[in-house]
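*Asks:* For reference, the structure I am asking about is given below.
The values are calculated or read from the model by the stated rules, or taken from the named source; none is laboratory data. Since the model is a prediction, treat every value here as computed from it, not as a measurement. FYI the Cβ positions are ideal-geometry reconstructions off the backbone, even for glycines, and counts take in every protein chain you see.
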There are 2 protein chains.
Amino acid sequence: MHILILGAAGMVGRKLLARLVQDGQLGGTPISRLTLHDVVAPEAPAGLRAPVSLSASDFSLPGEAERLVSGRPDVIFHLAAIVSGEAEADFDKGYRINLDGTRRLFDAVRAIGEGYCPRLVFTSSLAVFGAPMPEVIGDEYLTAPLTSYGTQKAIGELLLSDYTRRGIFDGIGIRLPTICVRPGKPNKAASGFFSGIIREPLAGQEAVLPVPDSVRHWHASPRAAVGFLLHAATIEGARLGDRRNLTMPGVSVTVAEQIEALRRIAGDAVVARIRREPDPTIERIVAGWPRAFDARRARELGFTAELDFDSIIRAHIEDELGGRIAA
Amino acid sequence: MHILILGAAGMVGRKLLARLVQDGQLGGTPISRLTLHDVVAPEAPAGLRAPVSLSASDFSLPGEAERLVSGRPDVIFHLAAIVSGEAEADFDKGYRINLDGTRRLFDAVRAIGEGYCPRLVFTSSLAVFGAPMPEVIGDEYLTAPLTSYGTQKAIGELLLSDYTRRGIFDGIGIRLPTICVRPGKPNKAASGFFSGIIREPLAGQEAVLPVPDSVRHWHASPRAAVGFLLHAATIEGARLGDRRNLTMPGVSVTVAEQIEALRRIAGDAVVARIRREPDPTIERIVAGWPRAFDARRARELGFTAELDFDSIIRAHIEDELGGRIAA
């Protein structure tokens, strides 16, 4: 099986890659070739007994998508995107990569023809939803984004469905929950604190909480995200029918519930490293975000996530901290 | 006020044009200039005391959209589209006109800058919805099209909202009901019979009904459609908030109810001109169409349509038949 990953150098891409290398197979079929692409060169994985091609370019440039799919990968993971903040700050770049790049990739698959019909897994986003929203968002709720990033992802979803209906590829779009606990350094994303208030205290560092404890949001671990991708790559496409875009399951918790889970697992001294420093800007942005989903279709189709926030914290401690907490 | 109409030679475009010429103004402001565009040259209207520019081209070609908006129209009616059947039969043409053309138009407005921010009225379609659907579709129901045409319209809606949110133009997308009674000759559209079973009998001709009497659908007259367009062109944009795409009000009736309305207005002899000739293909297509909407937002924003099918038939007799029925 030949697998192509676009966005292989990103956090989710690297986690996926590590898992594929560890498994050596996907859906029971040995991996015979990996093509890894990103705007910066992805790292070559160690330990895979199959050829790996590394590639760095702007995949939205003419000819790039054609080059990437020319090896006719059986499974394409399309994780590449300009993130929300940058797509909002740079209108042209966001549309060029997130819309034109995605469409060029889809059209490159179409141009091959000759019965070529790969599985194409597209990572979409909760940003396809925009306020006002119900407290719990169901599978039939309108996608009315309030950012250019969300608009571009919603358009990608529509194209994915139509190209799949046309038999050009067998596409599945998965709307990832906010990934928590995100490994690595604190970043400037408005959502950064959701991970920061767990990650930094567990590492012995102070974390800033800029919103009230009552803020509720939808989370899944990096480990769960990789599980979504693998399941999306191997599920029988016909089971999805015509609606090819799915909100992934997750855990809906308030910040207060996140903190209490941290206290149960790591104790008061760790929780004491969270410092409350209200930031009205972040508070306002987060107020427009979804709080909970009824991800029924995805669950019925076998997508699984953590059932509580304690499990999300434990996954972080196991996967990132070697099981150790800074007391 | 300078008005640009794209798709001015189509049925709705010509009806809109006739009304604008008759009114001589839009929203209380005299029309100072009209620019009419279509792929075939639109007819010059008689009776308008203002300069009219006629233009025929493929508006999706590079430079065309820029040329069309270079006169900085205050209101742009974007009615141009490859229709459903053709967009399904010709993948490239549908995407080129309905998606790329629309985006180029939007980007041409953006390229002008300098505070230029016209009202842009975009005609969308019920085809943005796809089965399975509830019996009555509300304003927050998912747009999950099952045709390339519906996909392209849904993408147009998303772009319209984002460009409006960005302040590039002040856009409103209106999803037109099936227009009934459509004037003119019978056509090959799967929806043609909805108009045919009224139009032909009233003109003394036989009409074929290919579906069961129990089929329910959503209708508005050409007169109502023009009313939607005028209201969309003049309503205060801020009243819509961020959700700029609206399902227009209409009348939900079964074919049986259409026929009984025709009987009330024109009598048994006219109804006797309807011949039942089941067509399983058309029946299957129509079974996937929406049956009724709760168009609450549009009604609250002052969009009005006929309240019953009798009024739709009367509008046809008044507007197309000079008040006369072929007995």
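*Asks:* Condition first: farther than 17 Å from A:Met248 by Cβ and either aliphatic (A, V, I, L, M) or without any contact (Cβ under 8 Å) to a residue 24 or more places away in the chain (or both). Now tell me which residues in region A:146-165 satisfy that.
*Replies:* Those that are farther than 17 Å from A:Met248 by Cβ and either aliphatic (A, V, I, L, M) or without any contact (Cβ under 8 Å) to a residue 24 or more places away in the chain (or both): A:Leu146, A:Thr151, A:Ile155, A:Leu158, A:Leu159, A:Asp162.
*Asks:* Please work out which residue is farthest from B:Ala144 (Cα to Cα), limiting yourself to region B:113-129 and to residues that are of a type outside the set (A, V, I, L, M, F, W, C) and more than 18 Å from the chain's Cα centre (by Cα).
*Replies:* To start, the set of residues in region B:113-129 that are of a type outside the set (A, V, I, L, M, F, W, C) comprises B:113-116, B:118-119, B:123-125.
From the residues that got through so far, the ones that are more than 18 Å from the chain's Cα centre (by Cα) too are B:113-116, B:118.
Numbers: B:Gly113: 33, B:Glu114: 37, B:Gly115: 35, B:Tyr116: 33, B:Pro118: 29 Å.
For region B:113-129, the residue satisfying everything is B:Glu114.
*Asks:* Being within 10 Å of another protein chain (Cβ to nearest Cβ) and of a type in the set (Gly, Ala, Ser) is the filter here, so list the residues in region B:161-175 that pass it. Quick ask: steps written out before the conclusion?
*Replies:* Filtering region B:161-175 for residues within 10 Å of another protein chain (Cβ to nearest Cβ) gives B:161-163, B:165-166, B:168.
Result: B:Ser161, single match.
*Asks:* Since B:Met133 meets every condition but one in (1) in the same structural domain as B:Ile82 (by TED's automatic domain parsing); (2) surrounded by fewer than 22 Cβ atoms within 10 Å (Cβ to Cβ); (3) closer than 27 Å to B:Lys15 by Cβ, which condition does it not meet?
*Replies:* So the condition that B:Met133 fails would be (3).
*Asks:* Moving on to the next point. So, in region A:63-86, of the ones that are among the charged types (D, E, K, R) and at pLDDT 95 or above, which residue ends up farthest from A:Ile31 (Cα to Cα)? Walk me through it before giving the result.
*Replies:* Here is the first cut: in region A:63-86, the residues among the charged types (D, E, K, R) are A:64, A:66-67, A:72, A:74, A:86.
From what's left, at pLDDT 95 or above: A:64, A:66-67, A:72, A:74.
Details: A:Glu64: 23, A:Glu66: 22, A:Arg67: 20, A:Arg72: 14, A:Asp74: 10 Å.
Selected residue: A:Glu64.
*Asks:* Okay, moving on. So which residues in region B:178-219 are in contact with a Cys (Cβ under 7 Å, 6 or more places away or on another chain) and closer than 26 Å to B:Gly302 by Cβ?
*Replies:* B:His219
*Asks:* Looking for something more than 12 Å from chain B (Cβ to nearest Cβ) and either hydroxyl-bearing (Ser, Thr, Tyr) or farther than 28 Å from A:Arg104 by Cβ (or both) - is there at least one such residue anywhere in region A:225-232?
*Replies:* Residues of region A:225-232 more than 12 Å from chain B (Cβ to nearest Cβ): A:225-232.
Then drop every residue that is not either hydroxyl-bearing (Ser, Thr, Tyr) or farther than 28 Å from A:Arg104 by Cβ (or both), which leaves A:227.
Looking through region A:225-232, at least one residue is more than 12 Å from chain B (Cβ to nearest Cβ) and either hydroxyl-bearing (Ser, Thr, Tyr) or farther than 28 Å from A:Arg104 by Cβ (or both).
*Asks:* Would you tally the residues in region B:261-317 being assigned to a loop (DSSP other than H, G, I, E, B), surrounded by fewer than 13 Cβ atoms within 10 Å (Cβ to Cβ) and touching a helix residue (DSSP H, G or I) at 6+ places or on another chain (Cβ under 7 Å)?
*Replies:* The number of residues fulfilling the criteria is 1.
*Asks:* I would also like to ask the following. Being touching a Lys or Arg at 6+ places or on another chain (Cβ under 7 Å) and either more than 7 Å from chain A (Cβ to nearest Cβ) or closer than 15 Å to B:Ile174 by Cα (or both) is the filter here; which residues of region B:118-160 pass it?
*Replies:* B:Ser124, B:Ser125, B:Leu126, B:Ala127, B:Val128, B:Glu135, B:Asp139, B:Leu159, B:Leu160, listed by residue number.
*Asks:* Does any residue in region A:80-107 that is closer than 20 Å to A:Ala65 by Cβ and in contact (Cβ under 8 Å) with a residue 60 or more places away in the chain come within less than 6 Å, Cβ to Cβ, of a residue that is of a type in the set (A, V, I, L, M) and part of a helix (DSSP H, G or I) six or more places away or on a different chain, and which pairs are these?
*Replies:* Close Cβ pairs satisfying both conditions: A:Ile82/A:Ile97; A:Leu105/A:Ala65; A:Phe106/A:Leu159.
*Asks:* Anything in region B:80-125 that is assigned to a helix (DSSP H, G or I) and β-branched (Val, Ile, Thr)? List them, or say none.
*Replies:* Step one: list which residues in region B:80-125 are assigned to a helix (DSSP H, G or I), which gives B:84-89, B:91-112.
Passing the criteria: B:Ile97, B:Thr102, B:Val109, B:Ile112.
*Asks:* Pick out the one residue from B:Gly94, B:Gly113 that is more than 9 Å from chain A (Cβ to nearest Cβ) and closer than 20 Å to B:Arg175 by Cα. Steps first, answer last, please.
*Replies:* Values: B:Gly113 fails: closer than 20 Å to B:Arg175 by Cα.
B:Gly94 is the lone residue from the list that is more than 9 Å from chain A (Cβ to nearest Cβ) and closer than 20 Å to B:Arg175 by Cα.
*Asks:* Here are some conditions: (1) buried (at least 22 other Cβ atoms within 10 Å of the Cβ); (2) closer than 20 Å to A:Leu160 by Cα. A:Leu36 meets all but one. Which one does it not meet?
*Replies:* Result: A:Leu36 fails condition (2) only.
*Asks:* Let me ask something else. Among the residues of region B:247-259, are any assigned to a loop (DSSP other than H, G, I, E, B), more than 14 Å from chain A (Cβ to nearest Cβ) and either of a type outside the set (Gly, Ala, Ser) or more than 22 Å from the chain's Cα centre (by Cα) (or both)?
*Replies:* Of all residues in region B:247-259, those assigned to a loop (DSSP other than H, G, I, E, B) come to B:248-250.
With more than 14 Å from chain A (Cβ to nearest Cβ) added as a condition, the list becomes B:248-250.
Right, trim to either of a type outside the set (Gly, Ala, Ser) or more than 22 Å from the chain's Cα centre (by Cα) (or both) and you get B:248-249.
There is at least one residue in region B:247-259 that is assigned to a loop (DSSP other than H, G, I, E, B), more than 14 Å from chain A (Cβ to nearest Cβ) and either of a type outside the set (Gly, Ala, Ser) or more than 22 Å from the chain's Cα centre (by Cα) (or both).
*Asks:* Being closer than 30 Å to A:Ala190 by Cβ, not acidic (Asp, Glu) and not in a loop (DSSP other than H, G, I, E, B) is the filter here; which residues of region A:26-75 pass it?
*Replies:* A:Leu36, A:His37, A:Ala56
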